[in-house]
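J.: Here it is, the structure, as structure tokens.
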Amino acid sequence: MAGIRYARQQGLGDQPPFEIHLVSPDGLPVNSFSNVRVPVDGGLDACDVIILPAFWDDFDALSRRYPQVLDWLKHQHANGTAICGEASGVFWMAEAGLLDGKEATTYWRFFREFAERFPKVLLNQDKHLSDADNLYCAGGVTSACDLYIYLIERYCGAGVAQGVARDILYEVQRSYTPGRIGFGGQKLHQDVTVLQIQHWLEEHYADKFRFEDVAREHGMSIRNFMRRFQGATGDKPLHYLQRLRIETAKSLLSSTRKSIKTVSYEIGYDDASFFARLFRQHTGLSPNHYRRQFQQQPQ
């Protein structure tokens, strides 16, 4: 759907610009866990995006049977490929060592096994989505859909992503906020104090606070805090906080019917007019226009 929309947008007719391949470790057809024969397009090869679906089988047996998958994932990631794991599919990424020292998530039934098997991975049980170093994890099917919309926005732009989301996700009832993808890469630094502050901001982004107080609580002057935060993340603290709030607002606008004023208040802005101006600065759209793009009838 994204490819067709993008092609039309670029004046390419109905010729999708993406080649979608279903692959297996040896390039041969496979049987699903329910014994359905699944044809494939070929074996493991170079690509731009890898999606690892959930599986129903013993992971130790699978990884021993198909060690080439792990080598393939390592090689592709080193060459800049984005890798996405859905539920138990995240195990492949972790087994390849790609998630060591990085945040990840998986389906809640696998939390204990995952934590015991991969102690070097920073398992976040409170998140349904995570990203770090071009590695994306989704806890389940619905959160994976949110992840794929993010990838569509990354490769095709916001307009195409919003159109696809409007067509397929408008009636999805989530028990969670999709969250803010795109900040994981800013945590791949060695400043532990700044990392603690980033996690604190993710939990308290809607609160009223002063950065001077945050700096003092972490034993820094405001000047040193500003310098260290930008040096570690590449963002000034205020811009980082604004992005956290705006990403949350985008999720609320697209997945709820809350008023603009309510959304503004819930992300930390008492002045809805200021929020609307800030939202336009970050997205190029007003909050109402952004929401309307999701509420239009499918085309």
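J.: Looking at the range 235-255, is at least one residue part of a loop (DSSP other than H, G, I, E, B), open to solvent by 60 Å² or more (accessible area, probe 1.4 Å), more than 21 Å from Y150 (Cα to Cα) and of a type in the set (K, R)?
T.: Yes, some residue in the range 235-255 is part of a loop (DSSP other than H, G, I, E, B), open to solvent by 60 Å² or more (accessible area, probe 1.4 Å), more than 21 Å from Y150 (Cα to Cα) and of a type in the set (K, R).
J.: In this structure, is G219 open to solvent by 40 Å² or more (accessible area, probe 1.4 Å), within 18 Å of D191 (Cα to Cα) and not in a helix (DSSP H, G or I)? Break it down into steps so the answer makes sense when it comes.
T.: Working: open to solvent by 40 Å² or more (accessible area, probe 1.4 Å): yes; within 18 Å of D191 (Cα to Cα): yes; not in a helix (DSSP H, G or I): yes.
Considered against the rule, which asks whether it is open to solvent by 40 Å² or more (accessible area, probe 1.4 Å), within 18 Å of D191 (Cα to Cα) and not in a helix (DSSP H, G or I), G219 comes out as yes.
J.: Filter the range 72-108 for residues that are among the aromatic types (F, W, Y) and open to solvent by less than 10 Å² (accessible area, probe 1.4 Å) and give the result.
T.: F91, the sole residue that qualifies.
J.: Assess whether D235 counts as being among the acidic types (D, E), at pLDDT below 95 and more than 20 Å from R154 (Cβ to Cβ).
T.: no
J.: Checking the condition on the phi < 0 side of the Ramachandran plot and either at pLDDT below 95 or among the acidic types (D, E) (or both), which residue from A144, A96 passes?
T.: Exactly one of A144, A96 is on the phi < 0 side of the Ramachandran plot and either at pLDDT below 95 or among the acidic types (D, E) (or both), namely A144.
Yes or no, residue by residue, for (1) assigned to a strand (DSSP E or B); (2) in contact with a Leu (Cβ under 6 Å, 6 or more places away or on another chain); (3) closer than 16 Å to E247 by Cα:
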site	(1), (2), (3)
A115	no, yes, no
L122	yes, no, no
S130	yes, no, yes
C137	yes, no, no
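J.: Just checking, does the range 62-71 include any residue being touching a strand residue (DSSP E or B) at 6+ places or on another chain (Cβ under 7 Å), open to solvent by less than 60 Å² (accessible area, probe 1.4 Å) and modelled with pLDDT of 95 or more?
T.: No, there is no match, as no residue in the range 62-71 is touching a strand residue (DSSP E or B) at 6+ places or on another chain (Cβ under 7 Å), open to solvent by less than 60 Å² (accessible area, probe 1.4 Å) and modelled with pLDDT of 95 or more.
J.: Regarding K187, is this residue touching a residue at least 60 places away in the same chain (Cβ under 8 Å) and open to solvent by less than 30 Å² (accessible area, probe 1.4 Å)?
T.: Taking the combined requirement at face value, the residue satisfies it.
J.: Within the range 43-61, can one find any residue that is under 20 Å from the mean Cα position of the chain (by Cα), more than 24 Å from G140 (Cα to Cα) and surrounded by fewer than 18 Cβ atoms within 10 Å (Cβ to Cβ)? Reasoning before the result, please.
T.: So in the range 43-61, the residues under 20 Å from the mean Cα position of the chain (by Cα) come out as 47-54.
Next cut, more than 24 Å from G140 (Cα to Cα) only: none.
Looking for residues that are under 20 Å from the mean Cα position of the chain (by Cα), more than 24 Å from G140 (Cα to Cα) and surrounded by fewer than 18 Cβ atoms within 10 Å (Cβ to Cβ), one finds none in the range 43-61, hence no.
J.: Moving on. Which of the residues spanning the range 183-208 are modelled with pLDDT under 80 and either closer than 25 Å to E266 by Cα or among the basic types (K, R) (or both)?
T.: F183, G184, Q186, K187 - these are the residues of the range 183-208 that are modelled with pLDDT under 80 and either closer than 25 Å to E266 by Cα or among the basic types (K, R) (or both).
J.: To continue, here is another question. State whether the residues of the range 197-206 include one that is open to solvent by less than 30 Å² (accessible area, probe 1.4 Å) and under 28 Å from V164 (Cα atoms).
T.: Yes, the range 197-206 has at least one match.
J.: What are the residues in the range 124-139 that are over 22 Å from R166 (Cβ atoms) and either of a type in the set (A, V, I, L, M, F, W, C) or surrounded by fewer than 22 Cβ atoms within 10 Å (Cβ to Cβ) (or both), if any?
T.: Of everything in the range 124-139, those that are over 22 Å from R166 (Cβ atoms) and either of a type in the set (A, V, I, L, M, F, W, C) or surrounded by fewer than 22 Cβ atoms within 10 Å (Cβ to Cβ) (or both) turn out to be N124, Q125, D126, K127, A132, D133, N134, L135, C137.
J.: Next question. Restricted to the range 256-271, and to residues that are outside any loop (DSSP other than H, G, I, E, B) and either touching a strand residue (DSSP E or B) at 6+ places or on another chain (Cβ under 7 Å) or without any contact (Cβ under 8 Å) to a residue 60 or more places away in the chain (or both), which residue is surrounded by the fewest Cβ atoms within 10 Å (Cβ to Cβ)?
T.: Step by step, filter the range 256-271, then rank; the result is T262.
J.: Between residues in the range 194-207 that are of a type in the set (A, V, I, L, M) and residues that are open to solvent by 60 Å² or more (accessible area, probe 1.4 Å), which pairs lie under 6 Å by C-beta distance while being six or more apart or on different chains?
T.: Within 6 Å, the pairs are V194/R228.
The values are calculated or read from the model by the stated rules, or taken from the named source; none is laboratory data. All values reported here derive from a predicted model rather than from experimental measurement. With ideal geometry, Cβ positions are generated from the backbone for all residues, glycine too; neighbour counts draw on all protein chains shown. Heads up: the accessible areas ignore ligands, DNA and RNA and are worked out on the full protein's heavy atoms, side chains in. Shrake-Rupley method; radii C 1.70, N 1.55, O 1.52, S 1.80 Å.
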